[in-house]
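**Q** Okay, handing you the structure first.
The values are calculated or read from the model by the stated rules, or taken from the named source; none is laboratory data. If you're wondering where the values come from, they're calculated on a predicted model, not measured in any experiment. Here the Cβ positions follow ideal geometry from the backbone for every residue, glycine too, while neighbour counts run over all protein chains shown.
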Amino acid sequence: MDILTDETRRFLAATAPEHDEIQAEMAAYAEQNGFPIIGPEAGGVLRMLANLANAKRLFEFGSGFGYSATWFAKGMADDAELFLTEHDADELDMARDFFERTGLADRTTFLEGDALELVEQVDGEFDLVLFDHQKHRYAEAFDVVRDRIEVGGVVVADNIMRGPIDFGPLADWSEGAAEALDGTNADTRGIAAYLDAVRADPRYETIVLPVGNGIAVSSRVE
Ligand SMILES: C[S@@+](CC[C@H](N)C(=O)[O-])C[C@H]1O[C@@H](n2cnc3c(N)ncnc32)[C@H](O)[C@@H]1O
């Protein structure tokens with residue numbers, strides 16, 4: 001079952017921001033190879049958040065070949081630093097190549113390995129973070145960065161409503177049926193654990209937006 005009606009999906013797709021030439025190439029590659037990217041609707045939200053936050057330090061957990069990062073790059077401040085992480089060396093090489101072509105490679109750091117280890121090797125605070133790595137490790141990743149987000153900064157998590165998760169049981173769980181998660185996969189339980197963690201932290205305000213695969217946007221307010 002799709003979370004959106006066919007009509008809603010068509011409407012959102014038709015009104016989504018347009019790809020530039022390189023993004024269109026990336027999206028075509030993703031389509032041909034069945035690679036899961038965040039897509040233009042959620043990408044447009046990343047761009048808007050980066051712009052509104054005047055983001056200067058952005059960090060991605062799970063960058064693939066760099067598609068979502070191109071949206072961050074479109075919205076971030078001119079003097080921003082963007083950190084990509086990916087444990088697949090080939091994908092990271094592709095990201096590097098695409099970013100060379102966008103002219104943004106000099107403001108981008110490409111880190112190969114486990115994002116949760118790599119983030120510890122980067123000093124300082126962040127004003128925008130994307131979680132798009134293993135879903136069962138989102139809560140762990142939030143724990144690692146929650147104190148490192150500036151007030152006014154934002155963390156975004158992808159695949160909240162779609163992807164490798166069982167959305168029906170997750171919807172039942174959201175209304176209080178804890179047992180609905182019994183027998184679901186680790187990714188579904190990971191999304192539930194993440195939503196619990198981020199919503200329980202009084203310093204963050206969270207809203208789920210049903211664009212793309214469903215994203216949870218959590219803004220640090222204190
Ligand atoms: C859904 S894809 C990312 C797509 C990308 N954010 C986009 O929208 O263009 C998830 C990526 O995260 C990588 N990944 C998963 N867990 C990771 C981890 N712990 N550290 C680094 N990369 C990871 C996978 O290899 C995969 O390329």
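**Q** I'd like the full set of residues that are of a type outside the set (D, E, K, R) and loosely packed, with under 12 Cβ neighbours inside 10 Å, limited to region 89-106.
**A** Listed by number, the residues that qualify are A89, G103.
**Q** Touching a residue at least 40 places away in the same chain (Cβ under 8 Å), touching a strand residue (DSSP E or B) at 6+ places or on another chain (Cβ under 8 Å) and not β-branched (V, I, T): which single residue out of R203, R199, R189 fits that description?
**A** After applying the criteria, what remains is R203.
**Q** While we're here: Answer yes if at least one residue in region 174-181 is of a type in the set (G, A, S) and in contact (Cβ under 8 Å) with a residue 40 or more places away in the chain, and no otherwise. Spell out how you get there, then give the answer.
**A** Of all residues in region 174-181, those of a type in the set (G, A, S) come to 174, 176-178, 180.
Add one more test, that the residue is in contact (Cβ under 8 Å) with a residue 40 or more places away in the chain, and what stays is none.
No, every residue in region 174-181 fails to be of a type in the set (G, A, S) and in contact (Cβ under 8 Å) with a residue 40 or more places away in the chain.
**Q** Sticking with this structure for a sec: Going through region 102-136 one residue at a time, which ones are in a helix (DSSP H, G or I) and near the ligand (Cβ under 7 Å from one of its atoms)?
**A** Of everything in region 102-136, those that are in a helix (DSSP H, G or I) and near the ligand (Cβ under 7 Å from one of its atoms) turn out to be A115, L116.
**Q** Next question. Give the residues of region 70-79 that are of a type in the set (A, V, I, L, M) and either near the ligand (Cβ under 7 Å from one of its atoms) or out of contact with any Leu (no Cβ under 9 Å at 6 or more places or on another chain) (or both), sorted by residue number.
**A** A77
**Q** State whether the residues of region 102-121 include one that is in contact (Cβ under 8 Å) with a residue 60 or more places away in the chain, under 23 Å from Y29 (Cα atoms) and of a type in the set (S, T, Y).
**A** Yes, region 102-121 contains a residue that is in contact (Cβ under 8 Å) with a residue 60 or more places away in the chain, under 23 Å from Y29 (Cα atoms) and of a type in the set (S, T, Y).
**Q** With the condition kept exactly as written, say whether any residue in region 80-100 is modelled with pLDDT of 95 or more, among the polar types (S, T, N, Q) and within 13 Å of the ligand (Cβ to nearest atom).
**A** Within region 80-100, one or more residues are modelled with pLDDT of 95 or more, among the polar types (S, T, N, Q) and within 13 Å of the ligand (Cβ to nearest atom).
**Q** Please go through region 155-182 and pick out each residue that is in a loop (DSSP other than H, G, I, E, B) and within 15 Å of the chain's Cα centre (by Cα).
**A** The answer is D158, N159, I160, M161, R162, G163, P164.
**Q** Now for a different question. Does at least one position in region 204-211 carry a residue that is of a type in the set (S, T, N, Q) and surrounded by 14 or more Cβ atoms within 10 Å (Cβ to Cβ)?
**A** Yes, there is a match, as at least one residue in region 204-211 is of a type in the set (S, T, N, Q) and surrounded by 14 or more Cβ atoms within 10 Å (Cβ to Cβ).
**Q** Can you tell me which of (1) of a type outside the set (F, W, Y); (2) modelled with pLDDT under 95; (3) within 13 Å of the chain's Cα centre (by Cα) is the one E150 doesn't meet?
**A** With respect to (1) of a type outside the set (F, W, Y); (2) modelled with pLDDT under 95; (3) within 13 Å of the chain's Cα centre (by Cα), E150 is out only on (3).
**Q** So, in region 145-185, exactly how many residues are under 18 Å from G214 (Cα atoms), of a type in the set (A, V, I, L, M, F, W, C) and surrounded by fewer than 14 Cβ atoms within 10 Å (Cβ to Cβ)?
**A** So the answer is 1.
**Q** I've got another one for you. Quick one: V144 ticks every box in (1) under 29 Å from R10 (Cβ atoms); (2) in contact with a Leu (Cβ under 8 Å, 6 or more places away or on another chain); (3) without any contact (Cβ under 8 Å) to a residue 60 or more places away in the chain bar one, so which box is it?
**A** The number of the failed condition is (1).
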